Amino acid sequence: VQLQASGGGLVQAGGSLRLSCAASIRTFSDLAMGWFRQAPGKEREFVAAISWGGGSTYYADSVKGRFTVSRDNAKNTVYLQMNSLKPEDTAEYYCAAGATLGHIVRDKIIDYWGKGTQVTVSS
């Protein structure tokens, strides 16, 4: 099982980035997917999550209205569109898979973690 995040980079404040996470999981379409981030010296925090079919999404208050999570089950890929980026969004971003949206958002029960991709927002 492998989750590989990509799409990170350096962007100016106010700019946009789209992260992708490709999953080599046979049961990808049965899993909820999420994004977390970790800034230097801080704990890993939840960012966004999407249900297995894409019909339900959930966001941290800090990114609501700026970030959009989506998925393409035919491509085994989940995306995070990040707009209006702020310097405080600077972090390593990780994708994660869990049995349900509740497991990811409420219980922080993660079945699979991916390797991160660095996002740096300059002021």
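The values are calculated or read from the model by the stated rules, or taken from the named source; none is laboratory data. This is a predicted model, so every value here is computed, not measured. Note: ideal-geometry Cβ built from the backbone for every residue, glycine included; neighbour counts use all protein chains shown. Heads up: the accessible areas ignore ligands, DNA and RNA and are worked out on the full protein's heavy atoms, side chains in. Shrake-Rupley method; radii C 1.70, N 1.55, O 1.52, S 1.80 Å.
Worth a mention:
- Enumeration of residues in region 1-58 that are hydroxyl-bearing (S, T, Y) and under 10 Å from the mean Cα position of the chain (by Cα): S20
- Top-ranked residue in region 98-117 [being assigned to a loop (DSSP other than H, G, I, E, B) and either polar (S, T, N, Q) or in contact with a Cys (Cβ under 6 Å, 6 or more places away or on another chain) (or both); ranked as least open to solvent (accessible area, probe 1.4 Å)]: G114
- With respect to (1) over 19 Å from L10 (Cβ atoms); (2) in contact with a strand residue (DSSP E or B) (Cβ under 9 Å, 6 or more places away or on another chain); (3) open to solvent by 10 Å² or more (accessible area, probe 1.4 Å); (4) of a type outside the set (D, E), the lone exception for R37 is condition (1).
- Just so you know, in region 15-43 the residues that are in a loop (DSSP other than H, G, I, E, B) and charged (D, E, K, R) include one that is modelled with the lowest pLDDT, and it is R26.
- Any hit, region 55-76, residues being under 15 Å from H103 (Cα atoms), assigned to a strand (DSSP E or B) and open to solvent by less than 70 Å² (accessible area, probe 1.4 Å): yes
- Residue match in region 81-97 (condition: under 16 Å from G114 (Cβ atoms) and either part of a helix (DSSP H, G or I) or open to solvent by 20 Å² or more (accessible area, probe 1.4 Å) (or both)): yes
- Selection count, region 1-59, where residues are farther than 23 Å from R106 by Cβ and of a type in the set (K, R): 2
- Residue satisfying all of: in region 1-25; touching a Ser or Thr at 6+ places or on another chain (Cβ under 8 Å) and of a type in the set (V, I, T); least open to solvent (accessible area, probe 1.4 Å) among these: V11
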